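Worksheet: one structure, shown below.
The numbers here are math on the coordinates, done by the rules we state, and not lab data. None of these values were measured; they are calculated from a predicted model. Cβ placement follows ideal geometry from the backbone for every residue including glycine, while neighbour counts extend to all protein chains displayed.
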Amino acid sequence: MKISFKSNAKEVKAKLEKKGKDVGKSVSRALSITAQEGINIIERRTKRSVGFKGGKFTGYSPKYAKFRRFKGRTNRPNLEFSGKMLGAITSRADRKKATIFFTRAAEAKKAAGNNKLRPFFGLNRKEEKKLGDIFFRNIK
């Protein structure tokens, strides 16, 4: 599972050429910062039990809720039991795009299963706009 977003390279290049900056380094840096903020958005929203499409996560099954209580965890669906799945989210950026993905296949598989019932791995329009603002603020 991964999320990719691309820059509007022509617009960025024009802005940077006015400033006399190296386009590639500036775009790559800005995309990297933007991708990290995308990860932060996903993690904060998930901890609040809210999906990227809006609305609260569906509750855990009674059997799993009982297991979580036994292990001393909350029954609030925040997709965090050991922290490994959300901790495996990372990003990569180059001059054209940034990608948010999972570093380990086991965690990506776990996330895919969770994402079917409780869609968390994605960005809505409001979040994408916020990331666009962050991108343009970080072009230096």
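Structure notes:
- Rg/Rh for the chain (Cα atoms only, Rh after Kirkwood) is 1.08.
- FRET efficiency for TYR64 and THR90, using Cβ-Cβ distance with R0 set to 41 Å, rounded to 0.05: 0.90
- When the chain is treated as a Gaussian network with alpha carbon springs shorter than 10 Å, the biggest mean-square fluctuation among LYS71, LYS126, LYS25 belongs to LYS71.
- On Cα atoms only, tilt of 105-117 relative to the major axis of the chain in degrees: 70 degrees
- Cross-link pairs beyond the 22 Å C-alpha cut-off, checked among LYS53/LYS110; LYS66/LYS110; LYS53/LYS96; LYS96/LYS116: LYS53/LYS96; LYS96/LYS116
- The separation of the stretch 79-140 from the stretch 21-58, counted between C-alpha centres, amounts to 6 Å.
- Residue of PHE52, PHE81, PHE101 that the Gaussian network model of the chain assigns the largest fluctuation, springs spanning Cα pairs under 10 Å: PHE81
- Choice from SER28, SER61, SER91 with maximal GNM fluctuation in the chain (Cα, 10 Å cutoff): SER61
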